[in-house]
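The values are calculated or read from the model by the stated rules, or taken from the named source; none is laboratory data. None of these values were measured; they are calculated from a predicted model. Backbone-built Cβ (ideal geometry, glycine too); neighbour counts: all protein chains shown.
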Ligand code: OGA
Ligand code: MN
């Protein structure tokens, strides 16, 4: 088996052919995918409809899985695994959710540029998003390359940001969208974490500018000055020349590296069904399962 990797026209992203992701990954295939994503940051696999079991097994071959916000609060799910995140505008009853529900706020928060789970430590490494039902119009997902953003940053900006940290907080984006109805205990459940604004991507050795919607304060700056800097940096990082726009087809599986990219969903008609399923690995080291473990793990779902 030889993976066929075709870079997208954009500055990041590549389409990968020559593999069936429903089958357990061989070590060679896993390594080839990791090598490709280290360079291209976003990998697109077309025509790969995955069962719940297959998607969880696939993701687990890249490391232990993130539970997202379910880590602190178990919510009812339509799926058989806690690790399968329901990225849709559909409620647990299978009906399209009312516009004023928190599920829809979560959908809308995904339309802000972000890196998955940057508000926790460990944060996310890879996300794998599988398209079930796509919106008839709108609903693209956009990705930007934070390494290209660093490379293109003017020298005086580089001096301003190097050595500074940003605070990332899970509820910051919710507050921004007016979803503020959380008590003290809920606000404290996901304490803020701090990441350097300038990081080195371990798999490519390239420097990158780590910003996004969860970042809300900058070390050594007033709140106002830090927020303006974060907005400026985000505007820089998300210029069109750094962006790949993914137009979804049912059965697409898109995998991205949250350490080197930001992404956002694009607006769509919330009264029309859009359904995706996400699995995400944690950014921890030395955690590859071998193929047997993967299969066993997929056979023991945590939710009935
Ligand atoms: C996600 C996400 C955007 C989209 O699944 O992590 O941000 O387009 N999705 O659904
Ligand atoms: Mn996301």
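Being modelled with pLDDT of 95 or more, over 26 Å from residue 126 (Cα atoms) and touching a strand residue (DSSP E or B) at 6+ places or on another chain (Cβ under 7 Å) is a property that holds for residue 223. Would you confirm whether any residue within the stretch 111-118 is more than 21 Å from residue 284 (Cβ to Cβ), out of contact with any helix residue (DSSP H, G or I) (no Cβ under 9 Å at 6 or more places or on another chain) and within 13 Å of ligand 1 (Cβ to nearest atom)? For the stretch 111-118, residues more than 21 Å from residue 284 (Cβ to Cβ), out of contact with any helix residue (DSSP H, G or I) (no Cβ under 9 Å at 6 or more places or on another chain) and within 13 Å of ligand 1 (Cβ to nearest atom): present. Residues that are surrounded by fewer than 19 Cβ atoms within 10 Å (Cβ to Cβ) and either within 16 Å of ligand 1 (Cβ to nearest atom) or at positive phi (or both) do occur in the stretch 214-232, at least one of them.
Across the stretch 80-90, a minimum of one residue is classified as modelled with pLDDT of 95 or more, surrounded by 17 or more Cβ atoms within 10 Å (Cβ to Cβ), within 14 Å of ligand 2 (Cβ to nearest atom) and under 25 Å from residue 242 (Cβ atoms). With respect to the conditions (1) under 22 Å from residue 70 (Cβ atoms); (2) at pLDDT 95 or above; (3) away from ligand 2 (no atom under 16 Å from the Cβ), residue 258 falls short on a single one, namely (3).
Scanning the stretch 47-90 for residues that are on the phi > 0 side of the Ramachandran plot and either assigned to a helix (DSSP H, G or I) or free of Cβ contacts under 8 Å to residues at least 12 places away in the same chain (or both) yields one hit, 68.
Of all residues being within 22 Å of residue 59 (Cβ to Cβ) and away from ligand 2 (no atom under 16 Å from the Cβ) in the stretch 130-144, which is surrounded by the most Cβ atoms within 10 Å (Cβ to Cβ)? Just the residue, please. Of everything passing the filter in the stretch 130-144, 134 is surrounded by the most Cβ atoms within 10 Å (Cβ to Cβ).
Set side by side, the residues 61, 22 differ, and just one is surrounded by 20 or more Cβ atoms within 10 Å (Cβ to Cβ) and more than 16 Å from ligand 1 (Cβ to nearest atom), which is 61. In the set (1) over 14 Å from the mean Cα position of the chain (by Cα); (2) surrounded by fewer than 19 Cβ atoms within 10 Å (Cβ to Cβ), the condition left unmet by residue 112 is number (1). With the structure loaded, tell me whether residue 30 is loosely packed, with under 15 Cβ neighbours inside 10 Å, modelled with pLDDT of 95 or more, under 27 Å from residue 144 (Cα atoms) and out of contact with any helix residue (DSSP H, G or I) (no Cβ under 8 Å at 6 or more places or on another chain) or whether it fails that test. Criteria not met by residue 30. Being without any contact (Cβ under 8 Å) to a residue 60 or more places away in the chain, away from ligand 1 (no atom under 16 Å from the Cβ) and surrounded by fewer than 18 Cβ atoms within 10 Å (Cβ to Cβ), is that true of even one residue in the stretch 122-129? No, that holds for no residue. A single member of 248, 256 is within 14 Å of ligand 1 (Cβ to nearest atom), within 23 Å of residue 51 (Cβ to Cβ), touching a residue at least 12 places away in the same chain (Cβ under 8 Å) and not in a loop (DSSP other than H, G, I, E, B), and it is 256. Looking at the stretch 191-217, which of the residues that are in a loop (DSSP other than H, G, I, E, B) and without any contact (Cβ under 8 Å) to a residue 40 or more places away in the chain is nearest to residue 144 (Cα to Cα)? Result: 197. For the stretch 273-282, the criterion of a residue being assigned to a loop (DSSP other than H, G, I, E, B) and closer than 20 Å to residue 133 by Cα is satisfied by at least one position.
Working carefully through the options 184, 162, 95, 155, find the one that is out of contact with any helix residue (DSSP H, G or I) (no Cβ under 9 Å at 6 or more places or on another chain), surrounded by fewer than 18 Cβ atoms within 10 Å (Cβ to Cβ) and closer than 20 Å to residue 271 by Cα. Result: 95 is the single residue among 184, 162, 95, 155 that is out of contact with any helix residue (DSSP H, G or I) (no Cβ under 9 Å at 6 or more places or on another chain), surrounded by fewer than 18 Cβ atoms within 10 Å (Cβ to Cβ) and closer than 20 Å to residue 271 by Cα.
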